[in-house]
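Have a look at the structure below before the remarks.
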Amino acid sequence: MIKYEELYNDVKSKLSEKRFKHSEGVVKRAIEYAQIYNVDTEVAKIVAIAHDIAKELTNEEINNYIEKYNIKLDEIEKKSKELIHAKIGANICKNEYNFTEDMTNAIKYHTTGRENMSILEKIIYLADATEENRKYCSSNYVEIIKKDINQGIIEICKWVINKLLENNELIHLDSIKCYNYHINLKNL
């Protein structure tokens, strides 16, 4: 597995200062959640620093990576650069940094979430949403997540879905399935 310091420098060279600061915030929050939920903090750090590695690609670079890795996009992903970066980033990390399947999935689903996420996937999804530089992040979300990670998923899903509805944006089916799955977990 790649060393954190090496990946840190690679990611830093690919992102703007603002985006990289966000990634550092995700690392900090991911470590915090990983310690609570007994996940290897080194793995959480590595995935967290890399989660947005493809966030600031040009359209040409996006098209090149889609072709290079034969990435299949659904109709909603084709219309959203916000969603495409997660799939491309997952492929970059798998193919160029030898990420495991779990690490790759944590990047692939860090924007939408999904049904039956691993604990690492949940940590990265939640750390991305609640890192300290997020304007909307309230300490209330962080406290919920620290007490009950699945309730944290529900709360962040509700926030994301409501924001997309308010802005008349498409909602990816994975986000809806993520919400429904975790609501069903609570009702068992």
Check on Ile36, surrounded by fewer than 22 Cβ atoms within 10 Å (Cβ to Cβ) and either in contact with a Lys or Arg (Cβ under 7 Å, 6 or more places away or on another chain) or within 30 Å of Tyr181 (Cβ to Cβ) (or both) | yes
Regarding Ile88, is this residue aliphatic (A, V, I, L, M), surrounded by 15 or more Cβ atoms within 10 Å (Cβ to Cβ) and touching a Phe, Trp or Tyr at 6+ places or on another chain (Cβ under 8 Å)?
-> yes
Within region 132-175, the residues that are out of contact with any Gly (no Cβ under 7 Å at 6 or more places or on another chain) and of a type in the set (A, V, I, L, M) are Val142, Ile149, Ile154, Ile156, Val160, Ile161, Leu164, Leu165, Leu170, Ile171, Leu173
If you take the residues of region 130-188 that are surrounded by 18 or more Cβ atoms within 10 Å (Cβ to Cβ) and acidic (Asp, Glu), which of them is farthest from Lys18 (Cα to Cα)?
-> Asp174
Just checking, how many residues over region 93-123 are under 20 Å from Glu5 (Cβ atoms) and surrounded by fewer than 21 Cβ atoms within 10 Å (Cβ to Cβ)?
-> 4
Listed by range, helices (runs of 4 or more DSSP H) wholly within region 1-97 having at least 3 residues that are among the aliphatic types (A, V, I, L, M) are 17-36, 41-50, 81-97
Of the residues in region 53-67 that are of a type outside the set (Val, Ile, Thr) and touching a residue at least 40 places away in the same chain (Cβ under 8 Å), the one that is nearest to Ser118 (Cα to Cα) is Lys55
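Any read-out appearing in this document is the output of simple, stated calculations on the displayed coordinates, not a laboratory observation. Keep in mind that this is a model prediction, so the values were computed, not measured. Using ideal geometry, Cβ is built from the backbone for each residue, glycine included, and neighbour counts are taken over all protein chains shown.
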